[in-house]
Amino acid sequence: MDGGASCLKQNPNPKANPAGAGSARLASLNLLVALPSSDTAPVAVITGAAQGMGRTFAERLARDGFRIAALDVDEPSLHETCERVGRSGAIAQPYLIDLSEISRIDPFFSAVEQGLGPVQVLVNNAARIKTQELLDVTEADWDAIMEINAKALFFCLQAAGRRMVVRQRGSIINVASVAGRSARPKQSVYGASKAAAIHLTKSAAAAFGPFHVRVNAVCPGVVETPMWHRVRSERTPDEVKAILSSIPLARTADTAEVAEVVAFLASNQASYINGQAINVCGGLEMD
């Protein structure tokens, strides 16, 4: 099992459009405080930013001086993320977007660039997961996971990359998973979606590299997030014990440990790292 990516919660009505079609709804926050240098600070887009790793990524990149465009469908939690970032004196702007509506992705990036400035970093973190036997997977199960974990990831990557290659600068970090590296019989669709994320990382790295745009992935293992807690509740005690005992470091990860790798890949210190999928899993997978 993998608890790697933060979850983009499904709306009760996943096709409900909280704003007009094709427009990015900007949820207002009055407490955000701009630093004196905020108008020149780089911009990072983080999908699935309402909780778990996405929230920690937002807080960590804000400490590095990024203005944060935080995207999710969970409006209360998204506001909380932006409030936490705002209290540190950084800027975080919330965008309430359902990524299953692919037509809204490119307008969202346009809205971010108009409101905050050119996007320099994209963290493709939004994800869905479902634990079930392979023989029980339905077409609806497949589509629900793939439309966010693979399809939306691709079109976010494409929209950000299209803008970055023109400026010949940028870093895209896809949050994949160790589940995309080996068999997961009770998470077959999730694993397939994360394998797709790793492949798309490599393909985009080859396509965008000549334009000085880097694309990498992080592959978390079992991370203390709401996603892992939900998956844990779906497993028997013996199954959970087996998962945890398979980790050589004998513990789960904190979201901050994954965020440090994301921050590194977003920075100039990683200027010669491209097309890599980096495990952050305590040795659960080794390659």
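So, in the chain, how many Lys pairs have Cα atoms under 21 Å apart, if the pair is 8 or more places apart or on different chains?
15
Give the angle, between 0 and 90 degrees and rounded to the nearest 10, that separates the Cα long axis of helix 153-167 from the longest principal axis of the Cα atoms of the chain.
Value to nearest ten degrees: 30.
Please get the size of the charge dipole for the chain, origin at its Cα centre, with Cβ charges of +1 on Lys and Arg and -1 on Asp and Glu, quoted in debye to the nearest 20.
The calculated dipole for the chain is roughly 520 debye.
How do D74, D141 rank when sorted from fewest to most other Cβ atoms within 10 Å of their own Cβ?
So the ranking, lowest neighbour count to highest, is D141, D74.
Considering the Cα trace of the stretch 30-130, what is its radius of gyration and what is Dmax, both in angstroms?
Considering the stretch 30-130 through its Cα atoms, Rg and Dmax are 12.5, 44 Å.
Taking H placed 1.01 Å from N in the peptide plane, check which residues at least 5 places from A217 or on another chain put their amide H under 5 Å from its amide H.
N174, Q276, A277, I278
From Cα pairs below 8 angstrom and at least 6 apart in sequence, can you work out the relative contact order of the stretch 214-261, rounded to a whole percent?
RCO, the stretch 214-261: 55 percent.
Compute the semi-axes of the equivalent ellipsoid of the stretch 100-196, taking the square root of 5 times each eigenvalue of the Cα gyration tensor, and list them largest first in whole Å.
30, 14, 8
For a footprinting-style exposure proxy, rank V45, V261 by other Cβ within 10 Å, fewest first.
V261, V45
Between R162 and I102, what is 0.36 nm times their sequence separation minus the Cα-Cα distance? Round to one decimal in nm.
20.0 nm
Going by average Cβ neighbours within 10 Å, how do the peptides 209-221, 237-249 rank, with the highest at the top?
209-221, 237-249
With an 8 Å cut-off on Cα pairs and a minimum separation of 6 or more residues, tell me the relative contact order of the chain in percent.
On the way: 630 pairs, mean separation 62.9, N = 287.
Computed value for the chain: 22 percent relative contact order.
On each of the three principal axes of the Cα atoms of the stretch 134-286, give max minus min coordinate, whole Å, ordered largest first.
Principal-axis extents of the stretch 134-286 (Cα, largest first): 51, 37, 23 Å.
How much space per residue, in cubic angstrom, does the convex hull of the C-alpha atoms of the chain take up?
Numbers: hull volume 34.8 nm³, N = 287.
Hull volume normalised by residue count: 121 Å³.
Only the coordinates and a few stated rules stand behind these numbers; no lab work does. Only a predicted model underlies this, so the values are computations on that prediction, with no experimental measurement involved. Note: ideal-geometry Cβ built from the backbone for every residue, glycine included; neighbour counts use all protein chains shown.
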